[in-house]
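Note sheet for the following structure.
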Amino acid sequence: MHRVLLDLLRENERPIGAYTLVRMLSEKLKRGVSPPTLYQALSRLIQQGLVVRVERRDCYIATRHPGIASTRLFLICGHCDAVEEKLAPQLDVQLAEEAQASGFKIARNDVEVEGPCRCCADQVELSASHPSQTETCSPRRHRRLACSS
């Protein structure tokens, strides 16, 4: 089941919510999957460094960088809900220094920031200068899309 779940997350290039994962996994396995069973499988995949939870959107993605211990930076668009994962090794040093100065031990170092993605920012700029040419930011332009609940 873990392999099927990981494959589902990798096939979908967007973060997926738990309820959608229960439905998708049940369909794929051709048997019912309970939420506790799903959460146990997700927990194991997260511990293995293969899946990441996007806290602000309460959804899951297969990481693009498995096994890399660097800080993960999630860029979350507040307009279209796109989520992009990047590694941010430059933050590792700064976070470690700040934590050490406070006597804090970092258990997890994912950073989530929110703002407009390039596509949405371009649409806002375009609509300001050419209101008749405004179009909705297409989710297809993003590699990682909004959490599907």
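The values are calculated or read from the model by the stated rules, or taken from the named source; none is laboratory data. Note that the structure is predicted; figures quoted are calculated from it, not measured. Every residue, glycine among them, receives a Cβ derived from its backbone with ideal geometry; neighbour counts consider all protein chains shown. Heads up: the accessible areas ignore ligands, DNA and RNA and are worked out on the full protein's heavy atoms, side chains in. Shrake-Rupley method; radii C 1.70, N 1.55, O 1.52, S 1.80 Å.
In straight-distance terms, cross-link reach from Lys86 covers every one of the lysines whose alpha-carbon lies under 24 Å from its own, apart from those fewer than eight places away in the same chain; here that gives Lys105.
Here the Karplus relation 6.51 cos²θ - 1.76 cosθ + 1.60, evaluated at θ = phi - 60°, turns the backbone of the range 40-54 into coupling constants of 5, 5, 4, 4, 5, 5, 5, 4, 7, x, 9, 10, 10, 9, 8 Hz, with x for every Gly and Pro. Compactness of the range 4-56 is given as radius of gyration and Dmax, 10.4, 31 Å, from Cα positions. Summarising the amide proton neighbourhood of Leu87: residues at separation of 5 or more, or on other chains, whose placed amide H is nearer than 5 Å comprise Leu73. Taking 12 Å as the straight-line reach from the Cα of Lys28, the aspartates and glutamates in range (excluding those fewer than 8 positions away in the same chain) are Asp7. Rounded to whole numbers, the Karplus 3J(HN,Hα) couplings from phi for the range 21-33 are 5, 4, 5, 4, 5, 4, 5, 5, 7, 6, 7, x, 10 Hz, using 6.51 cos²θ - 1.76 cosθ + 1.60 with θ = phi - 60°, and x at Gly and Pro.
Rounded to the nearest percent, how much of the accessible area of the range 10-105 (1.4 Å probe, protein heavy atoms only) is carbon and sulfur? Working shown, then result.
Numbers: 2810 of 5640 Å².
So the carbon and sulfur contribution to the accessible surface is 50 percent.
Eigen-decomposition of the gyration tensor built on the alpha-carbon atoms of the range 17-120 gives equivalent ellipsoid semi-axes of 29, 19, 11 angstrom, largest listed first. Site pair His65 and Gln100 shows an inter-label distance of 2.0 nm when each label is modelled 7 Å from Cα along Cα→Cβ. Per residue, the range 1-127 exposes an accessible area of 59 Å² to a 1.4 Å probe, with every protein chain left in place.
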